[in-house]
Amino acid sequence: MELRRFTQPSATKPTHTTVSNSEIAKWNILDRPLTRSREELYLSTFSFLFAEAVQYLQTRVQQVSELEEKLNQLGYRVGQRALELLCFREKLNRREIRLVSILGFIRVQLWKFLFKKSADYLKKVTDREDEYYIEEEEPLVNRYISVPKDFGQLNCAAFMAGIIRGALDSAGFTASVSAHYIHREEKSRLAFTVTIFMIRLDESVMNRERKLAG
Amino acid sequence: MAITFVIVSPQDQLLYEATFPPVSQTDETAHLREFILFASLDILEQVVWSTRDFYLKAIDRFNDQIIYGLVTASSVRLLLVSDGKSEEAVKNFLQEAYELYVKLALNPFFEPCKPILSTSFHERIQKLGKKYFV
Amino acid sequence: MSSSRASTWNKLGDAAYAKSEKVSADLVALTYGSFVREIIKDFEEPDQVNKELEKLGYNIGIRLIEDFLAKSGISNCSSFEESAEIISRVAFKMFLGIRATVSNWNSEHNSCSIIFDENPLAEYVELPPEYTHSLFYSNLLCGVIRGALEMVQIIVECEFVKDQLRGDDTNEINIRFKEMLQEQVPWNDEE
């Protein structure tokens, strides 16, 4: 059985309007104020976009670890910019120059700025002075993504790990940051899974911290 | 009375330079100001990690030349060397230059540690320089 | 186009936008920017990037339509003309928070433009000189429209004809109707 077609004729391509060459910067971002007219968008806009980004990156790698690296890099560029934007918009005019302060700033202010809530916890790894982690029970990016079975332990929150890494690096706190699933048990609940963002600070950062601690 | 304004990365790379009023390459005083700016980078590094404020005020001095600085959230340094402009004008210039820098840095096509080549950025910095210093 | 229908769709758009769960608009803009940069790294020519963005948008569109129909309260749209209005008054509002308008209908009524002068995806963007005349930064949107309409049996071609990032005073996507698909009835050899 063949497809029936309606009789409305299909349209032909229009010729492109010529772009004005005179001053491309007629409408220039440098002239627009940085205060937004619109603070928020529909969550699905982000979810669809992010899911497609994961799909796209998946086609360009061979292994899960490579995909996590790409997601991390995708987030890194976001983190660098989010830090500048947040600090400018809030008119903070101050930066965090100590490790625990910048980590706290990321857990609370940066997280609220991007995800509308602070991350759940910030903790230092026992017996290590250069390792911390931020814990989040339900990272935004994982809420509507279902990971295909052959991708094992992929945690799309590698994107958020990248955001943390980008923000820390920008602020002068070079670190490696990765996302992991951890099982937790609490008395009143069934076992559940959380995501932790493992942060390992560079030696140069620890040296500076020691000096500043006096 | 001239001003040299530079943007320097956290790794001390020169990303942008402008002079008010604009000078020719052979201008000796411009070279001197550039030299002074680079000589102050060590002190700058100390100052940056000794205060949480973005605006660093006067970082260093060389004869009658004073170096002022502002550091952004992403540790980029905006420096200005002048011989006697009012600090008020310097501070306001740096604040507005900072805002321009942020807008530039938000661009997904912008790469933080590369020289700033945007003509629209340069034009607006020149306008700022005229507004406060000329 | 009756103005009462137009205002009904406006209201649906506003309502869908108001009641939806929200996320930071900056998160969307910065993520999209990072995504475009990634694609540019992978493809040499701006034209290939445009095509890839359209394709990725198409993949989004074919899934997004369900969410749109469910959340907007729109149950069907029977004509190309109606769908163009619904896209600009309801969908653009719901997903991008902006009101777009439809205009530039040709005489056969099979081509029109969706015009919008704010673009949350392009919020902080300035195109470098090498892309100003070749890259359509928001080409994803064209694919989304094409994919979504295909799921309601309307086949179109979609492209940017004006883009503020390229120096134009507004953003304009031209949509051209190609054909309407009749849903196929399965062949039954007992007949």
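The values are calculated or read from the model by the stated rules, or taken from the named source; none is laboratory data. Because the structure is a prediction, the values reported are computed rather than measured. Note that each Cβ is placed from the backbone with ideal geometry, even for glycine, and that neighbours are counted across all protein chains shown. For the accessible areas, the whole protein counts, side chains as well, though only heavy atoms, and no ligand, DNA or RNA atoms are used. Shrake-Rupley method; radii C 1.70, N 1.55, O 1.52, S 1.80 Å.
No disulfide-compatible partner, judged by a Cβ distance under 4.7 Å, exists for the following cysteines of the protein assembly as shown: A:CYS87, A:CYS156, B:CYS113, C:CYS77, C:CYS112.
Remark: accessible surface ordering of B:TYR98, A:TYR133 (largest first) is A:TYR133, B:TYR98, probe radius 1.4 Å.
Simple spin-label estimate for B:ALA39 and B:ASP53 gives 2.5 nm between the two label positions (7 Å along the Cα-to-Cβ direction from each Cα). Relative to the longest principal axis of the Cα atoms of chain C, the long axis of helix C:140-151 makes an angle of roughly 10 degrees.
Hydrodynamic analysis of the protein assembly as shown uses the Kirkwood radius over alpha carbon pairs. Inserted into Stokes-Einstein at 4 °C and 1.567 mPa s, it gives a translational diffusion coefficient of 51 µm²/s. The heavy atoms of A:LEU86 offer some 10 square angstrom of accessible surface to a 1.4 angstrom probe. Between A:SER65 and B:LYS131, how high is the FRET efficiency from 1/(1 + (r/R0)^6) when r is the Cβ-Cβ distance and R₀ = 51 Å? Nearest 0.05. The calculated FRET efficiency here is 0.45.
Helix C:3-19 and the longest principal axis of the C-alpha atoms of chain C enclose an angle of approximately 60°. For a label point 7 Å from the Cα of C:SER103 along Cα→C-beta, name the residues of segment C:12-29 whose backbone N is under 17 Å from it. Hits in segment C:12-29 for C:SER103 at 17 Å: none.
Using the rule -39500 (n - 2.57) for each DSSP H run of four or more residues, divided by the residues of the protein assembly as shown, the 222 nm mean residue ellipticity is -13000 deg cm²/dmol. With the charge dipole of the protein assembly as shown set up from +1 on Lys and Arg Cβ and -1 on Asp and Glu Cβ about the Cα centre, the Cα lying farthest toward the positive end among the listed residues C:HIS109, A:SER118, A:ALA167 is that of A:SER118. When the trypsin sites (Lys or Arg not before Pro) in segment A:72-159 are filtered for DSSP coil states and for at most 15 other beta-carbon atoms within 10 Å of their beta-carbon, the remaining sites are A:LYS91, A:ARG98, A:LYS117, A:ARG128, A:ARG143. In the structure shown, the pairs B:LYS103/B:LYS127; A:LYS91/A:LYS124; B:LYS114/C:LYS41; B:LYS85/B:LYS130; A:LYS112/B:LYS57; C:LYS55/C:LYS93 are assessed against 20 Å; a Cα-Cα span above that value is assigned to A:LYS91/A:LYS124; A:LYS112/B:LYS57; C:LYS55/C:LYS93. Close amide-amide hydrogen proximity is noted between C:LYS22 and A:LEU43, each under 5 Å apart and 5 or more residues distant or on a separate chain (H modeled in the peptide plane; Pro and chain starts excluded). Find the Cα radius of gyration of segment C:46-145, compare it with 2.2 N^0.38 Å by division, and give the number to two decimals. The value comes to 1.16. Dividing the Cα radius of gyration of segment B:16-134 by its Kirkwood radius returns 0.94 for Rg/Rh. Within the full protein context, the accessible area of C:MET180 is estimated at about 40 Å² for a probe radius of 1.4 Å. Across all C-alpha atoms in segment A:43-213, the radius of gyration and Dmax reach 16.3, 48 Å. What separates the Cα centres of segment B:9-68 and segment C:1-37 is a distance of 46 Å. Other protein chain C-beta atoms within 10 Å of residue C-beta, averaged over C:116-124: 4.
Each of A:ARG184 and A:LYS123 was given a label point 7 Å from its Cα along the Cα-to-Cβ line. The distance between the two points is 0.8 nm. A full extension of the chain between C:GLN153 and C:ALA18 corresponds to an added length of 45.7 nm, given 0.36 nm per residue minus the alpha carbon distance.
Dividing the Cα radius of gyration of chain C by 2.2 N^0.38 Å, with N the residue count, gives 1.07. For a Förster distance of 56 Å, can you work out the FRET efficiency between the beta-carbons of C:ASP42 and A:ASN93, rounded to the nearest 0.05? E between C:ASP42 and A:ASN93, to the nearest 0.05, is 0.90. What does the charge add up to near B:LEU100, with Lys and Arg as +1, Asp and Glu as -1, over the other residues with Cβ less than 13 Å from its Cβ? Around B:LEU100, the charge tally is -1.
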